[in-house]
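Below is one structure; the comments refer to it alone.
The values are calculated or read from the model by the stated rules, or taken from the named source; none is laboratory data. Everything quoted here is computed from the prediction, not taken from an experiment. Positions of Cβ are generated from backbone atoms using ideal geometry, with glycine treated the same way; all protein chains shown enter the neighbour counts. Just the protein is used for accessible areas: all its heavy atoms, side chains included, with ligands, DNA and RNA removed. Shrake-Rupley method; radii C 1.70, N 1.55, O 1.52, S 1.80 Å.
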Amino acid sequence: MAQAFLQSALALRNKHAVVTGGSRGIGAAIARQFISYGASVTIFSRGVSSELRLGLSAEEQLRLSHLKVDVSDANGVTQAMDSAKKRAAIDILVNNAGRAASAPFLKTDDSLWRSMMDVNLEGTVHCTRAVLPGMLDSGWGRIVNVSSTAGLTGYAYVSAYCAAKHAVIGLTRALALEVATKGVTVNAVCPSYTETEMLRAAVENIVEKTGRTPDQARAKLAEKNPQGRLVQPEQVANAVLWLCLPGSEAITGQAISVSGGEVM
Ligand code: NAP
């Protein structure tokens, strides 16, 4: 039993993972999980946040590196990936960086539409393009795209976000087939409302538009989840980790809902 635990605790030792949007929220939880399983992690984000380093030991912090990059900028991603590869070859990519903006469709102008596609879809494409050749050469790789239940079903007032997250799942399925015999798996995880800064922004929006209190707004969002609660970032991170651990190699091209059963 103890030996099985040790094996799993070291299961990602010698693996290097890039986690985009790893500075806070779901990405920070994923980075922490990888580090606790022995991996080295490079996170990409535009700004810096101390959230990620909280609770990490000095040794764990040595296995964490941060690069400042906007994933929607193709050249910036190429440079950041080159710099990450100098640390070590990239074995795992988690395309997690994302933003959600809401507006009725007729008020979704080109700029809002473009910005949702740029970060949620193009960012995923840029990062995947940069790491896939190395994974194919080494015959092993794990790509996990953090989509959303908005990639599996429709929600009113977020048409651009929904379209981008649906597209991420289409990309996941097509690429999974393309590389199925090459030792590389490509999957998506699809959280529903998860307790992060993104959710706090959604709560503020509801408060402003409906006059509800923040608690009422949060309760309204939690109501959509059949378990009656918001998803926690660590629960999404657990699904991502599982897709990268030994034993998950038969799982590819999947879009796994982490939503308390909201989408099935
Ligand atoms: P969050 O707390 O707002 O964190 C977003 C992360 O992405 C931050 O590290 C942010 O850092 C980074 N980021 C944003 N735009 C970026 C860009 N252009 N380039 C590089 N990094 C960028 O959000 P979260 O809730 O953890 O969301 C993570 C993922 O889960 C997103 O893809 C989101 O769509 C998805 N998701 C979230 C929920 C939810 O309810 N929270 C539900 C379903 C799906 P900087 O701002 O410093 O760049």
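Net charge of the neighbourhood of GLU234, taken over other residues with C-beta under 11 Å away and scored Lys/Arg +1, Asp/Glu -1, is 0.
Taking each residue as 0.36 nm, the span from ASN75 to MET264 lengthens on full extension beyond its C-alpha to C-alpha distance by 64.2 nm.
For the chain, adding -39500 (n - 2.57) for each run of n ≥ 4 DSSP H residues and dividing by the number of residues yields -14000 deg cm²/dmol at 222 nm. Under a plain spin-label model, where a point goes 7 Å from the Cα along Cα-to-Cβ, how far apart in nm are ALA9 and LEU62? The modelled label-to-label distance comes out at 1.8 nm.
Cα centroid separation, region 144-186 to region 207-235: 24 Å.
Listed by chain and number, the aspartates and glutamates whose C-alpha is less than 14 Å from the C-alpha of LYS182, apart from same-chain residues fewer than 8 away, are ASP91, ASP137, GLU249.
Rg/Rh for the chain to two decimals, with Rh computed the Kirkwood way over all alpha-carbon pairs.
Values: Rg = 18.0 Å, Rh = 18.7 Å.
With Rg and the Kirkwood Rh in hand, the quotient comes to 0.96.
Here the extension length gained between LYS224 and LYS107 equals 39.6 nm, from 0.36 nm per residue of separation less the Cα-Cα distance. Averaged over its residues, region 2-258 has an accessible area of 48 Å² per residue, based on protein heavy atoms and a 1.4 Å probe. Ignoring ligands, DNA and RNA, what percent of the accessible area of the chain is carbon or sulfur (1.4 Å)? Carbon with sulfur: 54 percent of the solvent-accessible area. With 31 Å as the limit, the listed pairs LYS15/LYS165; LYS85/LYS165; LYS85/LYS107; LYS68/LYS165 have LYS85/LYS107 beyond it between alpha carbons. Computed over Cα pairs, the Kirkwood radius of region 142-226 leads via Stokes-Einstein (0.692 mPa s, 37 °C) to a diffusion coefficient of 227 µm² per second. In this structure GLU178 has an accessible area near 140 Å², from a 1.4 Å probe over the protein heavy atoms.
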